[in-house]
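These notes concern the structure reproduced below.
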Amino acid sequence: MTTIRHVVCNRESYFVRDTATAFDAADYMAARNIGAVCVLDAEDKLCGIFSERDLLKRVIVAHLDPANVPIRQVMSEPRAVIDCAETPHEALERMEQIGSRHLPVVDGEKFVGMLSMRDIMRVEISEQGAELQLLHEYISH
């Protein structure tokens, strides 16, 4: 069974510090082509999430200068997290419950990374591809 640990292992854990500005976070996200980033405090504890939607609604539409806005002022509170031991299906259900395309990943209390809807789709496609291959081989023999 595939777990979230399998999905995010050996991958950069995208985050910015809570001392960053909205511009710092946006620049970080743009450089990595990601839609959201976790915000960690000095003790590496998850304290928020900053997404493209936060940038749009809380900075741009509010006519704030991204370079002068502390990320803590415009980030969203984490509404849910997913543990490494859980499954992509459980992550998808949680995303649907909270209406989000991103979930911070934790291992107990430790921040591990960010899971996106795109990550879950990759897992689903991979698993379905493997099933189709097995069926094809079964039918061919």
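Semi-axes of the equivalent ellipsoid of the range 34-76 are 19, 12, 7 Å, computed as sqrt(5λ) over the eigenvalues of the C-alpha gyration tensor in descending order.
Taking one quarter of the surface of the C-alpha convex hull of the range 9-68 gives a mean projected area of 4.3 nm².
When you filter the GluC sites (Glu not before Pro) in the range 29-106 for DSSP loop state and at most 14 other Cβ atoms inside 10 Å of their Cβ, you are left with 43. Seen from all directions on average, the range 1-43 presents a Cα convex hull projection of 3.9 nm². Taking 0.36 nm per residue of separation and subtracting the current Cα-Cα distance, fully stretching the chain between residue 72 and residue 56 would add 4.2 nm.
Accessible area per residue for the chain is 62 Å², calculated with a 1.4 Å probe on protein heavy atoms, without ligands, DNA or RNA. Here the accessible area is traced with a 1.4 Å probe on the protein chains. For the chain, carbon and sulfur cover 53 percent of it. For the range 2-43, the residues whose backbone nitrogen is under 16 Å from a point 7 Å from the Cα of residue 79, taken along Cα to Cβ, are 36-37.
Of the trypsin sites (Lys or Arg not before Pro) found in the range 1-85, those in coil by DSSP whose Cβ has at most 14 other Cβ atoms within 10 Å are 11, 45, 79. Taken as entire DSSP H runs, the helices of the chain that both span 20 Å or more between Cα atoms along their own long axis and average -1.0 or more on the Kyte-Doolittle scale are 117-140. Rounded to the nearest 5, what % of DSSP beta bridges with both residues in the chain are antiparallel? Percentage antiparallel, nearest 5: 70. Cα-based radius of gyration for the chain, normalised by 2.2 N^0.38 Å, reads 1.21.
The values are calculated or read from the model by the stated rules, or taken from the named source; none is laboratory data. Every value quoted in this text rests on a predicted model; they were computed, and no experiment measured them. Heads up, the Cβs are rebuilt from the backbone with ideal geometry, glycines too, and the neighbour counts pull from every protein chain shown. Only protein heavy atoms, including side chains, enter the accessible area calculation; ligands, DNA and RNA are left aside. Shrake-Rupley method; radii C 1.70, N 1.55, O 1.52, S 1.80 Å.
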